[in-house]
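Structure first, commentary second.
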Amino acid sequence: MDDENYNNLKRDSSYQTEFKNFKVSAKFNDIYRIDNTLAKSELIKILARIDSEIEQRGGIEVYQSASTQGQAGKRGGDSSKKLVEWLQDEKYKSRFQNVTALEIGCLSPYNAISTCGLFTSVCKIDLNSQDTAIIQQDFMQRPLPTNESEKFNLISCSLVINFVPSHNERGDMLKRITKFLKSPKNGSLSSLFLVLPLPCVTNSRYFDNDRLLQIMSSLGFIQTFFYEAKKVAYWLFDWNGRVGKALTFPKKELHSGSQRNNFCITL
Ligand SMILES: C[S@@+](CC[C@H](N)C(=O)[O-])C[C@H]1O[C@@H](n2cnc3c(N)ncnc32)[C@H](O)[C@@H]1O
């Protein structure tokens, strides 16, 4: 009976919706008090919530990997060092004139992207700003640019997509990013720096690097750099300005195996 209750709570879509509304702040604000005064039914409820969130974020492996990276960020690890290294390449060097960047999911205003001096400005946003230099904002709610000057030459989206709770919302985020990128015409820089926990592309039942590249290509992104570190994968994409309309990428099993996580991005 308890098992059934737990499974129902986890599966129940209204519960998931309620859960979704606080999911973004859960990492920072929600604390579950578990002690011996707690009724068994409450304990089951909390357990179902935690497990549901872990599942939505791609499973325990992805979740733990992401947490590690988040903590590494606070300790001084900075994924944008890889971005800056790539931007020093001949391919990009000549394209740095008056270029702007948007960092989605910014933990520190002192990241290499902000301090490298390559960008005339870096707009930093996060759902939970931890610094006055970081605007507290949900990228999905950020007003769409009304003209080219409100767009950016580069968008950094490092370890953020895996925090978005559902596969379709992850696809929506990638699609929305294209609306914030400057037009690549006349050779001006129009690029996306993407970082994901490695298990998202190496150990998911529903996703892998090929699938990611197919989705990115349908949105007009061409990979220029890729690096696979121990726990995370980094990509740099150039945008060609053409978002395909007809292509869809539904959730389907690509790899079987009980040890795999459920991470997925759909369009
Ligand atoms: C694991 S941290 C990664 C931080 C940093 N970019 C890094 O690479 O270490 C993920 C961050 O993304 C932020 N985030 C998730 N969804 C977001 C959204 N829709 N808009 C803005 N920030 C978001 C979270 O608040 C969190 O601070």
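The values are calculated or read from the model by the stated rules, or taken from the named source; none is laboratory data. None of the values given here were measured: they were computed from a predicted structure. A quick note on method: Cβ atoms are made from the backbone with ideal geometry, for glycine too, and the neighbour counts reach across all protein chains shown. Heads up: the accessible areas ignore ligands, DNA and RNA and are worked out on the full protein's heavy atoms, side chains in. Shrake-Rupley method; radii C 1.70, N 1.55, O 1.52, S 1.80 Å.
When the accessible area of segment 73-239 is computed with all protein chains present and a 1.4 Å probe, what percentage of it is carbon and sulfur? Could you put the intermediate results ahead of the total?
Working: 3430 of 7220 Å².
It is 47 percent, rounded to a whole number.
With r as the distance between the Cβ atoms of ASP138 and ILE222 and R0 = 35 Å, compute the FRET efficiency 1/(1 + (r/R0)^6) and round to 0.05.
After rounding, the FRET efficiency stands at 0.80.
Please calculate how many Å² of accessible area segment 73-239 carries per residue, with a 1.4 Å probe and no DNA, RNA or ligand atoms counted. Each step should come with its number before you reach the end.
Values: 7220 Å² over 167 residues.
Averaged over the residues of segment 73-239, the accessible area is 43 Å².
Close amide-amide hydrogen proximity is noted between LEU181 and PHE152, each under 5 Å apart and 5 or more residues distant or on a separate chain (H modeled in the peptide plane; Pro and chain starts excluded).
Please get the size of the charge dipole for segment 128-267, origin at its Cα centre, with Cβ charges of +1 on Lys and Arg and -1 on Asp and Glu, quoted in debye to the nearest 20. Before the final figure, lay out the partial values.
On the way: 17 positive and 11 negative charges, 60 e Å.
The dipole magnitude comes to about 280 debye.
Determine the alpha carbon to alpha carbon distance for each of LYS40/LYS175; LYS45/LYS230; LYS82/LYS251 and list only those over 32 Å. Don't skip to the answer; put the middle values down first.
Numbers: LYS40/LYS175 43 Å; LYS45/LYS230 35 Å; LYS82/LYS251 30 Å.
The answer is LYS40/LYS175; LYS45/LYS230.
Using C-alpha pairs under 8 Å with a sequence gap of at least 6, the mean separation divided by the residue count of segment 201-267 gives a relative contact order of 43 percent. Annotation: amide H of SER158 within the under-5 Å range of ILE104, VAL195, sequence separation 5 or more or interchain, hydrogens built in the peptide plane. Once the Cα-Cα distance is subtracted from the 0.36 nm per residue extended length, the LYS185 to ASP89 segment shows a gain of 32.5 nm. Under 5 Å between amide hydrogens, built in the peptide plane, is the criterion, and for ALA233 it picks out LEU196, LEU198 among residues at least 5 positions away or on other chains. To the nearest Å, what is the center-to-center distance of segment 116-150 and segment 158-189, using C-alpha atoms only? Between the Cα centre of segment 116-150 and that of segment 158-189, the gap is 13 Å. Applying the Karplus relation 6.51 cos²θ - 1.76 cosθ + 1.60 with θ = phi - 60° to segment 143-152 yields 3J(HN,Hα) values of x, 5, x, 9, 8, 4, 5, 8, 9, 10 Hz, where x marks Gly and Pro.
Using only side-chain charges placed at the Cβ, +1 for Lys and Arg and -1 for Asp and Glu, the dipole size of segment 69-148 relative to its Cα centre rounds to 160 debye. One decimal place: the segment ILE34-ASN209 gains 59.1 nm when fully extended, by the rule 0.36 nm per residue minus the C-alpha distance.
When peptides 217-223, 257-263, 152-158 are sorted by average Cβ neighbour count within 10 Å, with the highest value leading, the order is 152-158, 217-223, 257-263. Here the Karplus relation 6.51 cos²θ - 1.76 cosθ + 1.60, evaluated at θ = phi - 60°, turns the backbone of segment 122-132 into coupling constants of 10, 8, 10, 10, 7, 4, 10, 4, 10, 7, 5 Hz, with x for every Gly and Pro. Treating each Cα of segment 161-267 as an identical point scatterer and summing with the Debye formula, the log10 of I(q)/I(0) at q = 0.12, 0.14, 0.22, 0.23 Å⁻¹ comes to -0.40, -0.54, -1.27, -1.36.
Protection proxy ranking for 174-180, 194-200, 127-133, using the average of other Cβ atoms within 10 Å per residue and placing the highest first: 194-200, 174-180, 127-133.
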